[in-house]
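Contents: one structure, followed by commentary.
The values are calculated or read from the model by the stated rules, or taken from the named source; none is laboratory data. Being a predicted model, the structure only gives us computed values, none of them experimental. Methodologically, a virtual Cβ is constructed for each residue, glycine included, from the backbone with ideal geometry; neighbour enumeration extends over all protein chains shown. Just so you know, the surface numbers come from the protein's heavy atoms only, side chains and all, with ligands and any DNA or RNA stripped out. Shrake-Rupley method; radii C 1.70, N 1.55, O 1.52, S 1.80 Å.
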Amino acid sequence: MRFLGHIIVTGLALWVTALILPGMHLGDDSATVLTQVLTIGAIALILALINTIIRPILSFLTFPITCLTLGLFQLVINTLMLLLASWVSGLAGLTLTFDSFWWALGAGVIIGILSAIVEGVTGIRNERGDLSRSAGE
């Protein structure tokens, strides 16, 4: 159930980011609303799977660089995950494109901020190690 919540939050963050950034293209503008929603959902699923499978491996391998840059290298990892999702969605016939690396970097920042806000407000991110739960027990 939590995974479905992450997919919905990611889809909403993708949609809002595509509205904000002119260098990010998500879905076909001439498609019906249902087709656009399904496209965003499929791309969010692809991005969630990539973030679940590939991102932890890449984060582990780049841990020394991340430490040296005081965590800023995570922005590059976010960008690479978005570009990989763009490539995979293109193979599946879905539209997620960026005009340049910098638009993907901006999209990664905005998607990260929006996802953190929505997950924080809705409580989706409450995991078993949540300090607020364990402090009262």
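What percent do you get for the relative contact order of the chain when only Cα pairs under 8 Å and 6+ apart count?
Worked out over the chain, it gives 33 percent.
Show me 13-20, 1-8 ranked by packing, highest mean number of other Cβ atoms within 10 Å first.
Going from most to least packed, we get 13-20, 1-8.
Could you look at the stretch 8-66 and say what percent of its accessible area is carbon and sulfur, using a 1.4 Å probe and all protein chains?
Of the solvent-accessible surface of the stretch 8-66, carbon and sulfur hold 78 percent.
Calculate, for the stretch 15-98, the solvent-accessible area per residue in square angstrom, rolling a 1.4 angstrom probe over the heavy atoms of the protein chains.
Using a 1.4 Å probe on heavy atoms only, each residue of the stretch 15-98 averages 59 Å².
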